[in-house]
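A short write-up of the structure that comes next.
A short reminder: the numbers here are calculations on the coordinates, not readings from a lab. Everything quoted here is computed from the prediction, not taken from an experiment. As a convention, Cβ positions derive from the backbone with ideal geometry for all residues, glycine included, and neighbour counts pool all protein chains shown.
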């Protein structure tokens, strides 16, 4: 059982989260406005700046925002920003009350998280996305899925592998359906693929027949006096093996470094499977 | 299919995924904002707008171009505007002065200094502005830094901008003239110039320099940002250390010439502290150990020898008891070398010289020894003078040692290395005095007889300690033992010791210092003394029990000495008396009876022991009645109690049987007593020559005693005292004359020979076989606590042991080796 003080601590942590949520809804002591179009959020500098590097930089220094106490943002979806601010205060958000498909919503959340450098938000959004497409059987075939892919490849940066891999995994699993011209219900998807070359290239790479590269096979000879037969063996550095010669039964309990003195050649072998 | 066909909300501007972005247009927005930032007019700019534009560019995969444009922008800005501002502060006059190309007067100096400060201030300003602006740009370009730079492993834009500052500002040349140093070099010159002023006692703006040093510390020589490539290290520090070395070399020269060593030390210490402060307040703390080494090298390491040997150096300080200055010298050298080689060397030399002076002085005091058979009395006086010189030598040695001990404690922090050095040199000069062992023993002897009189226990304690300390230095412990035994023997037998207690304390200290072996025989001497007292008392009782209560009986106090324990000269007669010593001394019947009586008593107690009577060692109290002579009290018989040596008693007893006025010749006296000639002569001298104790008259009256001299009883002897002590000429402990010393040496060599043989046999018995070299080494090790054996002597002893078949040579062994023969 966890020590008593840990229970206390857990309770305190929970209380902290509750208090922070209250702070968000009550809008007490707010000292910063975030504006997007005609929407305004009244927030707390201390909290927002601590959770987002973008807001931290905006509120520091000599720029206009620091003086006015207003950060006006552009090019974003109000419902996404709303949930992002929720997340900033609560470490969670729910997309159920949005009108957008969860797939699309979460991709947009990833983009916002990356743009505004909100810690851990992108990871949460990706895992939510993964949950939806894996659990809603037909999600992969929806128009929203195709739209989500298009947005993912244009609004997040290339090095965000988690988001891309999650989407690609689903596409590859259903590639035989999605890419067939005769299935017109996927025309939207195919159209998207045609317009999003970086996505198509990645799918193609995954669909190509994979090569299996075997480890390096070294050739050794048996040190037994009457044997001297040669072998192939895939021992790598640092590996401890007990070795028995197939031909004469020579046995030695020494490790790899001892083996090394009987190595004849080092051959990388590529075998197609 | 809950989501399918849901109405989508399209926000008014959704430009990102589909919207086109014109790079040039976007960059123009950024560039104009950057200009505003550099001109410190950022307050109207929206961070969000700039960030968003930069974000868009990177998202559109134009991060590469953005990065290059920003760098280009900075290069332009630094290369034109900032460079111009800096170069403006470098007028030709300043550049010339820094290069030493013009010789400005002091007025010019001041102007150059002002110009230098202006330059520093401008550079500081440029650097600080650049930092501020770049930190703002970095904020704006955060997305580029975190995404583009991280993915492509480019240095952050901030780092690149810092390198640009180095390239565009620090590496630029004033008016594009390559023959001048670049700004970085100029900066070095200006800073070094300021430091020079501060070293000369001026006040400078430390903070101003510190900021510029910060800049150098924040920049690197190339794009590898490794610690060793900091501009501070590659550009400034080297020059700083080099110019400092030059400065301190010159200072060292000047100080050595102009001030005394104490001042030199103080100045050096101040300079080191000053440089430490300078690193902290003006430069970088990372330089502290390096500049310290420079100062230590130039002012201490390379100068220590000159300093110590200078006229006002260590010798002067020691002579004049400048303990604080010595402490400074110690401090300084300890900084550069924990072994303090120069100070140690100097101290050793000085101690050795002072010690040698003492030795020489003692030699002068003891010099000009008159041949022995010349007039006896002057020779004795000479011997006494020498004894005084010997005692003075020991006192001087003690004083010297105390002096250095005090210096060691006060000035050298009781340092172990120095202690060893002092010990070694002291031991060296003490042992270089050939008679040190004898002198030390004499010193103790003198104190035991006179020195401790009226002293408190504590003072005596100190004295004993001193004696032991000195003894520690003496290498030839065996020689010392020989002399100590001799001196102690005389003290004990003649009752000259002031306190047997103190004597015993001395012995127990020696025992602690030198071990049991050393004191066994000395303790034996004390035991003999105690036993003898018991014997005397026992004999008295024995006589009483015999019932022979003769009132005229002679009281006997006897000392029975164990022959091996006591020094040879007390138990054996001198060798040249060998012939005479075979003759038995003839005792008159009254004495002989007593002698026999005691021998009987003794043999009863201890059978099988031989008693050998030592007439030369004993004393006797003799009551003498002198005939009436006129005196102011009228006619009276005079009785005196004479305290004389045993021999003198025998001589006087002869006159008992002689009619008044009759005489005896020397030969007659000798024939009737068998006293050895030299003893007889000495006793007759005290009885007949010494003016105050002239119990006998001699004819002819002269100082020398000749065979044909005649002796009469002096009936007219006069003395104010009832008791008269008739001393034997030169019976006290004094330094030996040459003949005696040769003898002592010979005896000592003999006993060393035995000690060596014993050691060799002990070693061989254990090891069975050993090479010559090993045997010699082990023998020396074993005997080291007693004396330093002479290798030749060891060789001879080994030869002798082989002859006597204790050992044999191992034939056909490559190096000469021996085998033990059981």
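For the reader, a short list of remarks on this structure follows.
- Whole-number percent relative contact order across region B:454-564, with pairs defined as alpha carbons under 8 Å at least 6 apart: 23
- Rel. contact order, % - alpha carbon contacts under 8 angstrom, at least six apart, chain B: 7
- Cα coordinate range in the protein assembly as shown, projected on the principal axes (Å, largest first): 173, 99, 66
- The order of B:687, B:775, going from fewest to most other C-beta atoms within 10 Å of their C-beta, is B:775, B:687.
- The protein assembly as shown - share of DSSP beta bridges that are antiparallel (%, nearest 5): 85
- Cα-based shape type of region B:738-820, given that a ≥ b ≥ c are square roots of the gyration tensor eigenvalues and the cut on a/c is 1.5: prolate
- Of B:647, A:247, the sequence from fewest to most neighbouring Cβ atoms within 10 angstrom is A:247, B:647.
- FRET efficiency for the pair residue B:324 and residue B:403, taken as 1/(1 + (r/R0)^6) with r the Cβ-Cβ distance and R0 = 22 Å, rounds to 0.85.
- Taking all C-alpha pairs of region A:139-213, those more than 17 Å from each other amount to 40 percent.
- Three-way shape call for region B:341-533 based on the alpha-carbon gyration tensor, with the a/c threshold at 1.5: oblate
- Region B:416-493 - Kirkwood radius from inverse mean 1/r over Cα pairs (Å): 13.5
- Cα Rg over Rh - region B:247-334, Kirkwood: 1.01
- Helix B:738-767 and the longest principal axis of the C-alpha atoms of chain B enclose an angle of approximately 60°.
- Taking the number of Cβ atoms within 10 Å of each Cβ as an exposure proxy, the fewest-first ranking of B:436, A:49 is A:49, B:436.
- For region B:313-345 versus region B:693-723, the gap between their alpha-carbon centres in whole angstrom: 66
- Compactness ratio for chain B: Cα radius of gyration over 2.2 N^0.38 Å (N = residue count) comes to 1.75.
- Against the main long axis of the alpha-carbon atoms of chain B, helix B:772-783 sits at an angle near 80°.
- Residue by residue along A:70-77, Cβ atoms of other protein chains within 10 Å of the local Cβ number 5 on average.
- For region B:23-229, alpha-carbon Rg over 2.2 N^0.38 Å: 1.18
- Inter-centroid distance (Cα atoms) of region B:387-425 relative to region B:490-544, Å: 33
- Short-range pairs are left out: with C-alpha atoms under 8 Å and at least six residues apart, the relative contact order of region A:121-197 is 33 percent.
- Principal-axis analysis of the Cα atoms of chain B puts helix B:500-514 at an angle of about 50° to the longest axis.
- When both region B:224-291 and region A:129-201 are represented by their alpha-carbon centers, they are found 69 Å apart.
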